[in-house]
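Read through the structure below, which is laid out as C-alpha cells, and then see the notes.
We did not get these values from a lab; they are worked out from the coordinates using the rules stated. Keep in mind the model is a prediction, meaning the values are calculated, not measured. FYI the Cβ positions are ideal-geometry reconstructions off the backbone, even for glycines, and counts take in every protein chain you see.
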Amino acid sequence: MKAEDRWVPIALRTVRRFSAEGKQVVVHAESGVHSIRTSLVELERRLDSRRFVRVHRGEIVAFDAVAHLEPWDHGDGLLVLKDGTKVVLSRTYRAAFVERWGLEA
C-alpha cells in the first residue's frame, strides 16, 4: 500500500475489511487504516473469495474477522467484527454471505 511518499507492505491475513470512500478504498488492517487508489470492484476480482466477501456495495470483509451477525432493518443485517466494528450486510448480499459463512439463509 502506498502511504504518503512510500510503499508499505500489508499482509492480507491482517486485513479485516475494505471500505469504499470516494475514488479510494480504505484498508482496515491490524497495523491501522490505509488508503489505496482502486475500486472495490477491481479489488474484489483480485481477492481470494474463500477469505473475503462483498457484504455491501461499499464493503468487503474477511470471513475470519466476523464475530456474529445481528438482524437489522428491512432485511439488512449487521455484522459485528471481532474488533467491535459494525458493518451493514445489505439484503442484496445477505443470502450469498450467509450461505458461504455456513448458515442457512
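Does Ser39 satisfy being polar (S, T, N, Q), exposed (fewer than 14 other Cβ atoms within 10 Å of the Cβ) and either in contact (Cβ under 8 Å) with a residue 40 or more places away in the chain or in contact with a strand residue (DSSP E or B) (Cβ under 8 Å, 6 or more places away or on another chain) (or both)? In short, yes. Total residues in the stretch 52-81 satisfying the condition of being over 21 Å from Val25 (Cα atoms) and free of Cβ contacts under 8 Å to residues at least 24 places away in the same chain: the figure is 10. Residues that are more than 14 Å from the chain's Cα centre (by Cα), surrounded by 14 or more Cβ atoms within 10 Å (Cβ to Cβ), in a loop (DSSP other than H, G, I, E, B) and not charged (D, E, K, R) within the stretch 56-105 comprise just one, Trp72.
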